[in-house]
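Report on the structure given below.
All of the numbers you see were taken from the coordinates with simple rules; none came from a lab. Since the structure is predicted, the reported quantities are computational estimates derived from the model, not experimental observations. When we count neighbours, we look across all protein chains shown, and the Cβ atoms used for this are built from the backbone with ideal geometry, even at glycine.
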Amino acid sequence: MTEILHVRDVTVRFGGVYAVQNVDLRINNGELIGFIGPNGAGKTTLMRVITGIVQPQSGRVFLQGVDITDKATHLRIRAGLALAQQIVQPLRALTLLDNVAIACGSDKTRHALKSMWVTDIRSERAQARELLARVGLSHVVDELPGTMPLGYLKRLEVARALALNPRLLLLDEPLAGLSQKEAASLADLIATLNADGQTILLIEHNLREVMRICPTLYVQDNGKSLAFGKTDQVMSDPNVRNAYLGVGHA
């Protein structure tokens, strides 16, 4: 299988505290990997290393075999990375359709001066309609984000990330704040996207849904890799069970 992401021996310290220590993670094309761990495990820090927000003290990050460790976030996005964030922040003055259309037209708005001459966005809006339909929002494309429930805004965030045509889609707790019914429905969508060929790394606290849809789990605890493998095997690991039962944790 083609390797999409390789986080190689990454360490991040804040002062004298290790947030991530000697972590190694590989993701292959077409995989759906659930990234779990108790609070304080360093999940957010590792995600920020992957996206370029945090620079590691040691180790490297490779995307499709290219070293992106020293690249800015926007260059990583152009290289094939996209992130759907936990806290959704759409452009509230624009409709859902135009929120996604702007992301679809990222190539046209890459250069400020050139973007001033862009007047025809029909193709971007057509693509945005397809993406909104793909995430189950075809009936509200002309609505404003402020009128939409959280579950719809989470789907909008996924659509905006997909508009970048990523090789790797990072999902940061997309089920947070949703009812169980909404969470199950969005989890089904994530599984469908993966079945369609999208490679996904899913950070999520909703173990019920992660275990249901993710064939593979990566577990981190206290900044260190704890387990990585098939979901049933990982969840039967005594070290993983202890971490989630609170043994040795405040």
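Multiplying the sequence separation of Asp142 and Thr2 by 0.36 nm and subtracting their Cα-Cα distance, what value in nm do you get?
Details: separation 140, 0.36 × 140 = 50.40 nm, distance 3.90 nm.
Going from the current span to full extension adds 46.5 nm.
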(request) Would you work out which of Leu97, Pro56, Met1 lies farthest towards the positive end of the dipole of the chain, given +1 charges on the beta-carbon of Lys and Arg and -1 on that of Asp and Glu, about the Cα centre? (result) Pro56
(request) Go through Ile190, Val141, Ser236 and say which Cα lies farthest out towards the positive end of the charge dipole of the chain; charges sit on Cβ, +1 for Lys and Arg, -1 for Asp and Glu. (result) Val141
(request) Return the long-range amide H neighbours of Ala227 (sequence gap of 5 or more, or a different chain), with a cut-off of under 5 Å between placed amide H atoms. (result) Val219
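For the chain, give the magnitude of the charge dipole about the Cα centre (Cβ charges: +1 Lys/Arg, -1 Asp/Glu; no others), in debye to the nearest 20.
Numbers: 27 positive and 24 negative charges, 83 e Å.
Dipole magnitude for the chain comes out near 400 debye.
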(request) Calculate how steeply helix 150-162 sits against the longest principal axis of the alpha-carbon atoms of the chain, using the helix alpha-carbon long axis, and give the answer as 0 to 90 degrees to the nearest 10. (result) 80
(message) Suppose every Lys and Arg Cβ carries +1 and every Asp and Glu Cβ carries -1, with no other charges. What dipole size does segment 117-224 come out with about its Cα centre, to the nearest 20 debye?
(response) 120
(request) Sort 169-182, 37-50 for me by packing, meaning the mean count of neighbouring Cβ atoms within 10 Å per residue, highest on top. (result) 37-50, 169-182
